[in-house]
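Step one of this worksheet: look at the structure below.
What follows draws every value from the coordinates through simple rules; no lab data is involved. Source: prediction; values computed, not measured. Cβ sites come from the backbone with ideal geometry, for glycine too, and all protein chains shown count toward neighbours.
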Amino acid sequence: MKILVCITFILGSFLTLYAQGEAGISGKVSDVKGQPVSYANITLQRVDSTFVTGCTSDEKGKFVISKLEADNYLLQISFVGYITQVIRLDNLSRPLDIGTIQLADEAIMLQGVTVKASNVMKRVDRQIILPTDKQVKSSTSGYELLSHMQLAGLKVNSIERKITTVSGGSVQLRINDIVASTAQVQALRPDEVLRVEYIDNPGVRYADTEVEAVINYIVRRAESGISGGVSFTNAVTTGFGDDNVYIRATHKLSQFGLNYYLSYRDYDDRKVDEEQMFSFTEAKERRRELIGISTPFSYQDHSIEASYNLTKPEKYIFNAVFTENIYNSPHGDYGQLIKETEQKDLYNYTRSEYNYHSPSLDLYYKKFLPHDQFLALNVVGTYIGSDYEREYSEVHSEAGAPVSSYDYGTDGSRYSLIGEGIYQKTFDKITLTGGIKYMQAYTHNRYTGDVNE
């Protein structure tokens, strides 16, 4: 039995300019076309409808409510000619930017529709979910937060850092609309997450036909400060570890980040059991049982990431990320005893070794335009250098020469450049997306080996 002990330690941020202990709410009110709604009525109530405070949005549709006690609230936004929207805020105990609240024209409201409070806001192409304070406090990473939010249609494994749809499809993760790595989501502080955008039917905007859903963490940033943390998951009785260290420094509009993620396995007695069946057109089926024999297995997977982000809210975003992935697996070995009716027992042995490194540079720029439009440009350059060797042999249980053996290897290099430009405009009931994508790659592989049988 393997015993796993998870040790998680997060260093608190310091020198930050936003207040952590005082609850507050901020946001922006607009119509479905993206035009700001000035002087909208903002009312804050407790869940028993007791009035707490209120204000109006300014000429740009923005509002701020500060100096609140930790409690459960209902935020009501209303304006003449628009459908009132009520947002439920459970366990509010920190500053919360709920983003843009869209009010629909009252003319399209159907008879019998009842306005209900919810922490989920629906848009044309996505749902916007506000995490509760309880969910935030019980989480130590972006994966755990998503697990506690229990979004319909998603399967979240916070230990293995995997997120899929219930059908097993891939999920693209983003932070502030920028594609995020495993290390970035693991290092994400839940108390920095303002809201989560869930797109369960992504369109061509995301330019990846294998993506079945998109999760976009909207994260606030301190104006100035340094934050960091470490996360360790290690086994006591065997070689197993998933460890992460990160640090971020923010000054005004700029943020610098450094992440290091290490995943390793080192097993002395891995076993692989199999059953094989061979079907022939003019002969009976052959069945073989392969019983695993203890063999070593090990790998080390290193991910180093340096990033720079320059953001001016509602104006532009520039993001640059350099990543180096280094993978070394000296033992992907396994051995088996092969049993087959009316055949002598055989032993097989597979020895494999795999190494690669893959540096990449990702440059991203997004410009926000008036009337709910934006233009995004992305350029990614990558290199992959890999070396793979595999040997396989079968011998009789009695001593003797191998009855079957072969080996092969691949030494490969691949260079690629991907460029993309996207324009998007959101209307009342539809979203228009257009763009262009350029891809170029060069691959050079050298194959070696021999086959005796």
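Lysines near K315 by alpha-carbon distance under 22 Å, same-chain residues fewer than 8 away left out - which ones?
K28, K33, K60, K62, K252, K366, K367, K425
Can you give the FRET efficiency for A104 and V166, using 1/(1 + (r/R0)^6), R0 = 35 Å, r = Cβ-Cβ distance, to the nearest 0.05?
Rounded to the nearest 0.05, the efficiency is 0.70.
Tell me, what is a quarter of the convex hull surface for the C-alpha atoms of the range 136-192, in nm² with one decimal?
3.8 nm²
Please work out the Kirkwood hydrodynamic radius for the range 344-405, using every pair of different C-alpha atoms, and report it in angstroms with one decimal place.
One decimal place: 16.9 Å for the Kirkwood radius.
Report the gain in length on full extension from S413 to S66: 0.36 nm times residue separation, minus Cα-Cα distance, nm rounded to one decimal.
Going from the current span to full extension adds 119.3 nm.
What list do you get for Y438, Y347, Y217 if you sort them by fewest beta carbons within 10 Å?
With the sparsest Cβ surroundings first, the list reads Y438, Y347, Y217.
What fraction of the Cα pairs in the range 245-339, stated in percent, has a spacing above 17 angstrom?
The proportion of pairs with Cα distances above 17 Å equals 70 percent.
For the range 325-339, in order, what is each residue's ³J(HN,Hα) by Karplus, 6.51 cos²θ - 1.76 cosθ + 1.60 with θ = phi - 60°, in whole Hz (x at glycine and Pro)?
Along the range 325-339, the couplings run 10, 10, 10, 9, 10, x, 9, x, 7, 7, x, 8, 9, 9, 10 Hz.
Run the reach check for K271 against lysines, Cα to Cα strictly under 24 Å, same-chain hits fewer than 8 apart removed. What comes back?
Candidates past the 8-residue exclusion: K2, K339, K344.
By counting other Cβ atoms within 10 Å of each Cβ, how are Y198, Y267 ranked from fewest to most?
The fewest-first ordering by Cβ neighbours comes to Y267, Y198.
Run down the aspartates and glutamates and flag those whose C-alpha is under 12 Å from the C-alpha of K437, throwing out any fewer than 8 positions away in its chain.
Within the straight-line limit of under 12 Å, K437 reaches these aspartates and glutamates: D208, E420.
If you count the DSSP beta bridges with both ends in the range 125-221, what percent of them are antiparallel, to the nearest 5?
Here the share of antiparallel DSSP bridges comes out near 75 percent.
Antiparallel as a % of all DSSP beta bridges within the range 20-118, to the nearest 5?
If I count the DSSP bridges inside the range 20-118, around 75 percent turn out antiparallel.
Between D266 and R46, what length comes free when the chain is fully extended (0.36 nm per residue of separation minus the Cα-Cα distance, one decimal in nm)?
Length difference between fully extended and current span is 73.8 nm.
V272's amide H: which non-local residues (gap 5+, or another chain) put their own amide H closer than 5 Å, with H modeled 1.01 Å from N in plane and none for Pro or chain starts?
Sorted by chain and number, the residues that satisfy this are G292, I293, G335.
In whole Å, how far is the Cα centre of the range 146-192 from that of the range 214-272?
Here the two parts' Cα centres lie 14 Å apart.
Give the whole-number value, in cubic angstrom per residue, of the convex hull volume spanned by the C-alpha atoms of the chain.
Each residue corresponds to 205 Å³ of Cα convex hull volume.
Can you give the Kirkwood hydrodynamic radius for the range 43-188, in Å, rounded to one decimal and based on Cα pairs?
By the Kirkwood definition, the hydrodynamic radius is 17.5 Å.
Taking square-rooted eigenvalues a ≥ b ≥ c of the alpha carbon gyration tensor, is the range 179-258 rounded, prolate or oblate, where a/c under 1.5 means rounded and, failing that, a/b exceeding b/c means prolate?
In terms of gyration-tensor shape, oblate.
Which three lengths, in whole Å and largest first, does the range 289-435 cover when its Cα atoms are put on their principal axes?
79, 35, 23
Which number comes out as Rg/Rh for the range 20-118 once both Rg and the Kirkwood Rh are worked out on C-alpha atoms?
Using only Cα positions, Rg/Rh for the range 20-118 is 0.97.
Per DSSP H run of at least 4 residues, take -39500 (n - 2.57); add these up for the chain, divide by its residues and hand me the 222 nm value, nearest 500 deg cm²/dmol.
Dividing the helical sum by the residues of the chain leaves -1000 deg cm²/dmol.
Average the reciprocal distances over every distinct pair of alpha-carbons in the range 348-453, invert the result, and give the Kirkwood radius in Å.
18.3 Å
If R0 is 56 Å, what FRET efficiency do you get for T238 and K122 from their C-beta distance, rounded to 0.05?
Efficiency computed from Cβ-Cβ geometry: 0.75.
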